[in-house]
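Comments concern the structure below.
Read-outs: derived from the displayed coordinates by stated rules, not from any lab. Model, not experiment: these values are computed from the prediction. Cβ atoms come from the backbone with ideal geometry, glycine included; neighbour counts cover every protein chain shown.
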Amino acid sequence: MNVQNLRDAALSAVPDQNRSARDWLQVLAKYRDPDPTRSTYELLVTMIPFLAIWVGAIWVLQYSYAAALLLAAINGLFLVRLFCIQHDCGHASFYSNRRLSDWVGRCLGVLTLTPYHVWRRQHAIHHSASGNLDLRGIGDVTTLTVDEYLARSRFGRFMYRVYRSPFILFLVGPAYIFLVQNRIPYGLMKSGASFWISAMGTNAALIAGVAALVYFGGWAPLLLVVLPTWLVAASAGVWMFYVQHQFEDTHWRRGDEWQLHEAAFQGSSHYVLPKPLQWLSANIGIHHVHHLYSRIPFYRLTEVIKDHPILAESQRMTIRESLACARLHLWDESQKKLLSFRRAHAMYLAA
């Protein structure tokens, strides 16, 4: 038995409840290989209904605007699933062939309004710095500490309150990000031509698609079917991303205390959804496992929590419990918790 086999045997003898975040890496490695047939199947069973619902919604426009809007809203959830598949492509976990993964991701990026190369780089930064208070700013929801908030001017506090309001975070913000901000390589504008090519190539494909739709179908399909689908998907996707990291006992540390694997695991939730929503969100709610080992295909994440029940219970959050996350705004470094504005005010300003 070689040294690696001895290490694997020793690790397998460690009970799940005693494993460190780093220990889990070796355990999770066996789930990392994608099945190209399964990946293709997951793509087709998402893309075909998505396109069919769009066609159906455009057809029903002649009879009922309300029915068309309803179908468009439902299709927004299928678009979330397509975004999650694009997400796996970015992690090279959808196909073993990186070139194939990237081209699938680029094509899906046109539908999701997300330039693939730009997003992939931003998301890699998010994974490499998640939970690090000294490396905030790219691929995350802006979060101030209590001390940073108190150090702001009255106007600065007001603007942060506006930003953290549900109306901005989950309605206006998502629309702005996907319809406007994603049209340029935001955050990477000076990082090389490849990011501009990705953004402008996505924009060109979008313009061509929208122009063809308006030319052949008029403005109604765009405004009453395609645009609502994008808006629903954007809001749903941002909400999912928010609750995956913005919960009371999430994990934020300064650089000298921050550790990549602990932050990845402890700073991500397990968002437990009803089976239909879990399918439409491509198991992205099993986010703590994903952050700890991002090369696992989304369709294998359920295997992980089935095989390791302790992971199924870690950072567990239901839909009802997740609603309280919208009332959390400031990170308290002393308590290591996210606080609401009201609680922070009572603790640090009332006196």
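Beta carbons within 10 angstrom, averaged per residue: use that to sort the peptides 118-124, 46-52, 272-278, highest first.
Numbers: 118-124: 20.9, 46-52: 15.4, 272-278: 13.6.
Going from most to least packed, we get 118-124, 46-52, 272-278.
Within the set of other residues whose C-beta is less than 12 Å from the C-beta of Pro34, count the net charge using Lys and Arg as +1 and Asp and Glu as -1.
Counting the neighbours of Pro34, the net charge comes to +1.
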> Each residue of segment 181-187 in order: what ³J(HN,Hα) in whole Hz does its phi give by Karplus 6.51 cos²θ - 1.76 cosθ + 1.60, θ = phi - 60°, with x for Gly and Pro?
Replying inline: 4, 6, 6, 10, x, 4, x
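Can you tell me the FRET efficiency between Asp307 and Arg152 if r is taken as the Cβ-Cβ distance and R0 is 41 Å, rounded to the nearest 0.05?
Working: r = 47 Å, r/R0 = 1.14.
After rounding, the FRET efficiency stands at 0.30.
Taking neighbour Cβ counts within 10 Å as the exposure measure, how do Met240, Met200, Met189 sort from fewest upward? Before the final figure, lay out the partial values.
Working: Met240 20, Met200 15, Met189 12.
Final ranking by Cβ density, sparse to dense: Met189, Met200, Met240.
Please label the shape of segment 143-278 as rounded, prolate or oblate, based on the square roots a ≥ b ≥ c of the eigenvalues of the alpha-carbon gyration tensor (a/c under 1.5 means rounded; beyond that, a/b larger than b/c means prolate, else oblate).
Here segment 143-278 falls in the prolate category.
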> Full extension from Glu333 to Leu70: what is 0.36 nm times the residue separation minus their Cα-Cα distance, to one decimal in nm?
Replying inline: 90.3 nm
> Of Phe94, Ile184, Ile138, which is farthest on the positive side of the dipole of segment 67-199, counting Cα position, with +1 on Lys and Arg Cβ, -1 on Asp and Glu Cβ, and the Cα centre as origin?
Replying inline: Ile184
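Per DSSP H run of at least 4 residues, take -39500 (n - 2.57); add these up for the chain, divide by its residues and hand me the 222 nm value, nearest 500 deg cm²/dmol. Mind dumping the intermediate values first?
Numbers: 18 runs with 207 residues, N = 351.
One gets -18000 deg cm²/dmol as the mean residue ellipticity at 222 nm.
For Val141 and Ser340, calculate 0.36 nm times their separation in residues minus their Cα-Cα distance, and state this gained length in nm to one decimal. Walk me through the intermediate numbers first.
Numbers: separation 199, 0.36 × 199 = 71.64 nm, distance 1.53 nm.
Roughly 70.1 nm would be gained on extension.
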>> Calculate the FRET efficiency for Asp134 and Leu51 from the Cβ-Cβ distance with a Förster distance of 51 Å, rounded to the nearest 0.05.
In response: 0.70
>> On a straight-distance basis, which lysines could pair with Lys306 in a cross-link, Cα separation under 28 angstrom, same-chain partners fewer than 8 positions away excluded?
In response: Lys30, Lys275
>> Give me, ordered by chain and number, the residues 5 or more places off Leu339 or on other chains with an amide H under 5 Å from its own placed amide H.
In response: His329, Leu330, Trp331, Asp332
> Taking other Cβ within 10 Å of each residue's Cβ, how do Trp279, Trp331 sort, fewest first?
Replying inline: Trp279, Trp331
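Taking neighbour Cβ counts within 10 Å as the exposure measure, how do His127, His245 sort from fewest upward? List each step's numbers first, then the result.
Details: His127 15, His245 22.
Fewest to most other Cβ atoms nearby, the residues stand as His127, His245.
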> Using a simple spin-label model with points 7 Å from Cα along the Cα→Cβ vector, what separation in nm is obtained for Trp103 and Val172?
Replying inline: 4.3 nm
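Counting only DSSP beta bridges with both residues in the chain, what percent are antiparallel, rounded to the nearest 5? Let's see the in-between values first.
Details: 4 of 9 bridges.
In the chain, DSSP labels about 45 percent of beta bridges as antiparallel.
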> Among the aspartates and glutamates, which have Cα under 13 Å from the Cα of Lys337 when same-chain residues fewer than 8 positions away are ignored?
Replying inline: Glu248, Asp249
> Can you give the FRET efficiency for Tyr215 and Asp33, using 1/(1 + (r/R0)^6), R0 = 35 Å, r = Cβ-Cβ distance, to the nearest 0.05?
Replying inline: 0.20
